[in-house]
Amino acid sequence: MKKYHPMTPSRRHMETVDWKEMITGSRPHKPLVSGFHRKKGRNAQGRITTRHKGGGAKRLWREIDFLYDKVGILARVESIEYDPNRSSLIALLSYRDGEKRYVLAPQGMKVGQEVLAAENAPVEIGNRMPLRGIPIGTLVYNIEFERGRGAQLVRSAGSGALVVAQEGVYTHIQLPSKEVRMIRSENWASVGALSNPEHSLMTIGKAGRARHMGIRPSVRGTAMNPVDHPHGGGEGRTTTGRRRGPATPWGKPARGVKTRNKRKKSSIFIVSRRKK
């Protein structure tokens, strides 16, 4: 982590990841880069579905390969790069047939390393194979939820899932949330844990940096009027003032409340629920 000299009150508390020790390439590979329109928390109808998002510095989109359909072809790591659109670092792979692709970089991946996606690939960091061939106790990431749809689970910085059991056509996976779930053994996953584990330790430090990141201001409910929030009102600083616990601005229970649909079909694949 990098700490700054306290030249201003905001700089005093700012902490960021020291990218210089981790990144080997500064400019992205041009054929895999394009401009894109950020949704900024809005759905297809233009309505805000995720609050406190908007603005921010312009970003270029790096096309990440989550499908991993180049099976059986060795690839060499050309560079480890920063991606503004995700929390983990990315790696530029150069395949033996001449094609280049971006993938998520795991911890321990180095420039010059060779990686392989194959049925019988060795169990080494960065390699990809079906879950049935991965030993119990191995950390994995980029896990397929449905065969052929590409990596969907465990894709954020520092995260890794644990293979805890092999049972018939299913593999038991302990996800980062500590939920244990059955996933079909024919689905593929990559070996290792994702890079940039210090991401969660960063301190933004000042409001301006948050705006550059596309994060808009958030106001506490207790600072509002009763007409604007269930926590609002009262003289001076008060608690939420609710016997039923904290609530969202629309009155629904918040914090520690289960939100999963009880009739969801995939619930039968959950072996152990995540802890509160």
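Only Cα pairs under 8 Å and at least 6 apart count here; give the relative contact order of region 160-203 as a rounded whole percent.
Details: 48 pairs, mean separation 12.8, N = 44.
It comes to 29 percent, rounded to a whole number.
By definition, a body whose alpha carbon gyration tensor gives a ≥ b ≥ c is oblate when a/c is 1.5 or more and a/b is not larger than b/c, and region 159-261 fits this oblate description. Applied to region 86-96, the Karplus parametrisation 6.51 cos²θ - 1.76 cosθ + 1.60 on θ = phi - 60° returns per-residue 3J(HN,Hα) values of 8, 8, 8, 7, 10, 10, 8, 9, 10, 7, 5 Hz, with x for Gly and Pro.
Taking 45, 174, 166 in turn, the Gaussian network model of the chain (Cα-Cα springs below 10 Å) assigns the largest fluctuation to 45. Distances between placed amide hydrogens fall under 5 Å for residue 79 paired with 92, all partners being 5 or more residues away or on another chain. Electrostatic bookkeeping for residue 91 treats Lys and Arg as +1 and Asp and Glu as -1; over the other residues with beta carbon under 9 Å from its beta carbon, the sum is -2. Phi angles across region 102-110 convert, under the Karplus curve 6.51 cos²θ - 1.76 cosθ + 1.60 with θ = phi - 60°, into 3J(HN,Hα) values of 8, 9, 6, 8, x, 5, x, 6, 10 Hz, Gly and Pro given as x.
Normalised by the residues of region 166-276, what does the relative contact order come to in percent, with Cα pairs under 8 Å and at least six apart?
That works out to 28 percent.
Take the alpha-carbon centre of region 235-255, take the same for region 48-70, and report the distance between them in whole Å. Using only Cα atoms, the two centres lie 33 Å from each other.
What is the sum of charges, Lys and Arg at +1 and Asp and Glu at -1, for the other residues whose Cβ falls under 13 Å from the Cβ of residue 106?
Spelling it out: positives minus negatives among the neighbours equals +2.
Tally Lys and Arg at +1 and Asp and Glu at -1 over the other residues with C-beta under 14 Å from the C-beta of residue 194: what net charge comes out? Mind showing how you got there, number by number?
Details: positive: 86, 128, 155; negative: 83, 198.
That sum, taken over residues with Cβ under 14 Å, equals +1.
Listed values for region 197-212 are Karplus-derived 3J(HN,Hα) couplings in whole Hz (6.51 cos²θ - 1.76 cosθ + 1.60, θ = phi - 60°), namely x, 7, 3, 6, 8, 5, 10, 4, x, 8, 5, x, 5, 5, 5, 5, and x replaces Gly and Pro.
What is region 128-180 by shape, rounded, prolate or oblate, if you read a ≥ b ≥ c off the alpha carbon gyration tensor as root eigenvalues and call it rounded for a/c under 1.5, prolate for a/b larger than b/c, and oblate otherwise? Let's see the in-between values first.
Numbers: a/c = 1.61, a/b = 1.12, b/c = 1.43.
The shape class here is oblate.
Using C-alpha pairs under 8 Å with a sequence gap of at least 6, the mean separation divided by the residue count of the chain gives a relative contact order of 17 percent.
No lab work stands behind these numbers, since they all come straight from the coordinates. A quick note: this is a predicted structure, and the numbers were derived from the prediction, not measured. Glycine gets a Cβ as well: all are built from the backbone with ideal geometry, and neighbour counts include every protein chain shown.
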